[in-house]
Amino acid sequence: MTKADFDWPNLSFGYTKTDQNIRYVWRDGAWDRGTLTADETMPLHMAATCLHYGQECFEGLKAYETRKGDVVVFRIEENARRMIRSCRKILMEPPPEELFIEACYRVINANRKYVPPHGTGASLYVRPLTIGSGAQVGVKPAEEYTFLVFVTPVGPYFKTGFKPVSLIVEEKVDRTAPLGVGDVKVGGNYAASLRAGVAARQQGFADVVYLDAKEKKYIDESGPANFFAITADGQYVTPESDTILRSITNMSLVTLAEEMGLRPKRRPVEVSEIFDFVEAGCCGTAAVITPIGSITYRDRKVDYCPDGQAGKHCTELYERLTAIQTGDAPDPYGWVRIVPE
Ligand SMILES: *Cc1c(COP(=O)(O)O)cnc(C)c1O
């Protein structure tokens, strides 16, 4: 098959148009069969609940071309199940797991020429979303939902290589609240945190580290990515918290850390511990791992990468995970699925 004509290694991490996306509508108690369309816009009732009351959640996963030419996705069932949890939490009708997977496969297949060639560092980003599309003016759940999936080819997140970033601990903005919706992937959490991220970038930081909203004592996560660190005695620690999103990348790194002898531990992580860690990173589908070069907390700063290079544990975790995701290494945990043509 002829691939689209792109400068793959220099593709940005942004939206690029592809041929088709898919929409399924839930109405009168059932999902329809889904419609592939070339239309990048969608007609929407102006009283749709997603527009007024934030009934919206999304997912993000990547498809890669393997050396053999198969197209594979990584732990797609986990994304499907997480979308179900997100929908249930904000009282939306969840697309069933099989329908979620079918939808992703149909869109990937309709856009095979946009799956970046193996070895370019690029991938096909898959973005599923569910919205309340039914009209409602009173504050209550919609009676109609739309599940949509689009794909877009994305370049390597780090154009200049695997580069450590500077973060700042955020104490003036809460991303989410105890007993709120921080543990699900809803758009509202992003709206609530945009101002913190923008302010951090204006000050020259890549993003913020959020603390728990109640005591401002424990690390939660960093914007759209989970936080992890390596302790001086060789443990992989990552926050246990009810107000963070369970990252599938993080779950996978925990498994790989174990394999590397890093004794992974999920536990509350006090912000004061940042001064003792030897390495730290953020993780999520987009960048896989973003090594943290420094964290600024009040008037102190800890520097994990004085030479500007990512630490050896972050680098090894990154290499092991991306090798499995792209089919370059064996997949002993059954994480990878070949997209059936
Ligand atoms: C999506 C997301 C992550 C990363 O999750 P992955 O499953 O690894 O992509 C982390 N934190 C938040 C808040 C997110 O929305």
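The values are calculated or read from the model by the stated rules, or taken from the named source; none is laboratory data. Remember, predicted model here, so these are calculated numbers, not experimental data. In this analysis, Cβ positions are derived from the backbone assuming ideal geometry, glycine residues included, and neighbour counts consider all displayed protein chains.
Among the residues of segment 220-241, which ones are within 13 Å of the ligand (Cβ to nearest atom) and closer than 24 Å to Leu179 by Cβ? Even if it seems obvious, please write down each step before you answer.
Going through segment 220-241, the residues within 13 Å of the ligand (Cβ to nearest atom) turn out to be 220-228, 238-239, 241.
Those that are within 13 Å of the ligand (Cβ to nearest atom) and closer than 24 Å to Leu179 by Cβ: Asp220, Glu221, Ser222, Gly223, Pro224, Ala225, Asn226, Phe227, Thr238, Pro239, Ser241.
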Self-check item: Complete set of residues in segment 153-172 that are surrounded by fewer than 18 Cβ atoms within 10 Å (Cβ to Cβ) and either touching a helix residue (DSSP H, G or I) at 6+ places or on another chain (Cβ under 6 Å) or modelled with pLDDT of 95 or more (or both)
Solution: Glu171, Lys172
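Looking at Val278, Val269, Val288, can you tell me which residue is of a type outside the set (Lys, Arg), surrounded by 15 or more Cβ atoms within 10 Å (Cβ to Cβ) and modelled with pLDDT of 95 or more?
Values: Val278 fails: surrounded by 15 or more Cβ atoms within 10 Å (Cβ to Cβ); Val288 fails: modelled with pLDDT of 95 or more.
Step by step, each of Val278, Val269, Val288 is checked, and only Val269 is of a type outside the set (Lys, Arg), surrounded by 15 or more Cβ atoms within 10 Å (Cβ to Cβ) and modelled with pLDDT of 95 or more.
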Quiz item: Within the bounds of segment 32-55, is there any residue that is touching a Cys at 6+ places or on another chain (Cβ under 9 Å) and not in a loop (DSSP other than H, G, I, E, B)?
Solution: no
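Out of Ser247, Ser252, which single residue is in contact (Cβ under 8 Å) with a residue 60 or more places away in the chain, within 22 Å of Ala287 (Cα to Cα) and within 14 Å of the ligand (Cβ to nearest atom)? If you could, list the steps in order and put the result at the bottom.
On the way: Ser247 fails: in contact (Cβ under 8 Å) with a residue 60 or more places away in the chain.
That would be Ser252, the only listed residue that is in contact (Cβ under 8 Å) with a residue 60 or more places away in the chain, within 22 Å of Ala287 (Cα to Cα) and within 14 Å of the ligand (Cβ to nearest atom).
Say whether the condition of being at pLDDT below 95 and on the phi < 0 side of the Ramachandran plot is met by at least one residue in segment 66-73.
The initial filter retains those residues of segment 66-73 that are at pLDDT below 95, namely none.
Scanning segment 66-73, I find no residue that is at pLDDT below 95 and on the phi < 0 side of the Ramachandran plot, so the answer is no.
Could you grab me the full set of residues in segment 47-83 that are of a type in the set (A, V, I, L, M, F, W, C) and free of Cβ contacts under 8 Å to residues at least 60 places away in the same chain?
Leu51, Ala80
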Practice problem: Determine whether Glu258 is assigned to a helix (DSSP H, G or I), farther than 16 Å from Leu211 by Cα, touching a residue at least 24 places away in the same chain (Cβ under 8 Å) and more than 15 Å from the ligand (Cβ to nearest atom). | Solution: no
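Restricting to segment 58-96, count the residues that are part of a helix (DSSP H, G or I) and either of a type outside the set (Gly, Ala, Ser) or not assigned by TED's automatic domain parsing to the domain that holds Tyr114 (or both). Step through it out loud before you land on a result.
Step one: filter segment 58-96 for residues part of a helix (DSSP H, G or I), giving 76-89.
Now narrow it down to the ones that are either of a type outside the set (Gly, Ala, Ser) or not assigned by TED's automatic domain parsing to the domain that holds Tyr114 (or both): 76-79, 81-85, 87-89.
Qualifying residue count, segment 58-96: 12.
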Self-check item: Residue match in segment 84-102 (condition: in contact (Cβ under 8 Å) with a residue 60 or more places away in the chain, within 16 Å of the ligand (Cβ to nearest atom) and acidic (Asp, Glu))
Solution: no
Quiz item: Does Gly182 satisfy the criteria of being part of a loop (DSSP other than H, G, I, E, B), of a type in the set (Gly, Ala, Ser), assigned by TED's automatic domain parsing to the domain that holds Thr243 and closer than 23 Å to Glu273 by Cβ?
Solution: yes
Quiz item: If Phe205 passes every condition in (1) part of a strand (DSSP E or B); (2) touching a residue at least 60 places away in the same chain (Cβ under 8 Å) but one, which one does it miss?
Solution: (1)
